[in-house]
Structures are given as C-alpha cells and as structure tokens.
Amino acid sequence: MKLVAIGRLKSGPERELFDRYAARIRPVLTVTEIAPSKGSVMEQKRKDAAGLLGACPENAFVIALDEGGKTFSSLQFAATFARWQETGRPLYFLIGGAEGLDGSVIQRADAVIALGAMTWPHMLVRVMIAEQVFRAQAINSNHPYHKDSRPD
Ligand SMILES: C[S@@+](CC[C@H](N)C(=O)[O-])C[C@H]1O[C@@H](n2cnc3c(N)ncnc32)[C@H](O)[C@@H]1O
C-alpha cells in the first residue's frame, strides 16, 4: 500500500503523527514524495499529475484524495476499503499539491474520496488518511480502537 504525495513532509508534529499511524497499518503504508513543480497553476497541476501518475504501476488501484470526492462514514469507508483490498491490486493513495489535482488524475483514479468538503493542508491530509486506513483495518478486524457510539 502506497501513498504518493506532492511535497516533502519535514520533521515536526505532522510527521510524528503520520509515522505513528502508518506504522500500524498492514501491509505497511510506504510513501513516495514528488517534488512540487513550478510554473503557472495549469503547468504545476499537469507536472504534478505526471509525477503522481508516473509513480503508479499500471495495475495500481488508484484512490485520489480530492475535496470534491465521495464522503464516507468510517464504517462505510472500512467496508469500501475491504472491497478495494479484495481486488488484489496494490492500493495507491494520491494527494495533490498546493494547487490541487489535475483532471487527468481524477480520470485515472479508480476512486475519488473526500475527507469532508473543507480544504485541508496536504500534510494534514496524509495524517488523516493514514488514521482512517488504520481505523478501517481496526473496524474490519473487530479491534476496539473504533468506538461507534453517537450522541443519544
Ligand atoms: C491544499 S489542497 C489543494 C486545494 C486546491 N484548491 C484543490 O482544488 O484541491 C492539497 C491536496 O490536499 C488534498 N485535500 C485537501 N482537502 C481535502 C479534502 N477535504 N478531502 C480530500 N483531500 C483533500 C487533495 O489531494 C488536494 O489536492
């Protein structure tokens, strides 16, 4: 399982949190970082897309993270994540840079998911998707990490 993202996650609180969750995921979640590109917004998005998609093998099951994507409850995400795993294809999560994802990434993606409708900083998105994948695995293995209670 791989996360492909624009930019470098330097040491600091986001890095610590990401490492904490990524280490708990099985198989381990590895990261490929793509250097941010320069140029006009359009050029940046196109070049970022080439880097992101170039890091994915042909048989990758590509999951693009985009605020316009589908939202899930954690239980729904866990069930969806299990179905993705059942495809037997390597899962690749793609996170865009400051200008977001190019349309070509959305077109190639097998799934486009949102962590809510708000825009999050891309370094936080890494942490959030790692936590949700860990949570999905906990749900799918009946581990008590996830508590499903809601207000009465
Ligand atoms: C700073 S955001 C880019 C914002 C940009 N205006 C856009 O249209 O996407 C950087 C990346 O973080 C991820 N991201 C930010 N908010 C997100 C959300 N709510 N759900 C899923 N991914 C998100 C996306 O991969 C996005 O390309």
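For region 95-102, indicate whether the set of residues that are of a type outside the set (A, V, I, L, M, F, W, C) and out of contact with any helix residue (DSSP H, G or I) (no Cβ under 9 Å at 6 or more places or on another chain) is non-empty. Within region 95-102, not a single residue is of a type outside the set (A, V, I, L, M, F, W, C) and out of contact with any helix residue (DSSP H, G or I) (no Cβ under 9 Å at 6 or more places or on another chain).
May I ask you to verify whether I139 is away from the ligand (no atom under 14 Å from the Cβ), of a type in the set (A, V, I, L, M) and buried (at least 17 other Cβ atoms within 10 Å of the Cβ)? It is true that I139 is away from the ligand (no atom under 14 Å from the Cβ), of a type in the set (A, V, I, L, M) and buried (at least 17 other Cβ atoms within 10 Å of the Cβ).
Could you please find all residues in region 64-113 being of a type in the set (D, E), over 22 Å from F134 (Cβ atoms) and within 8 Å of the ligand (Cβ to nearest atom)? E99, the sole residue that qualifies.
No lab work stands behind these numbers, since they all come straight from the coordinates. Fair warning: this is a prediction, and the values are worked out from it, not measured in the lab. Reconstructed Cβ throughout: ideal geometry from the backbone, glycine too, with neighbour counts over all protein chains shown.
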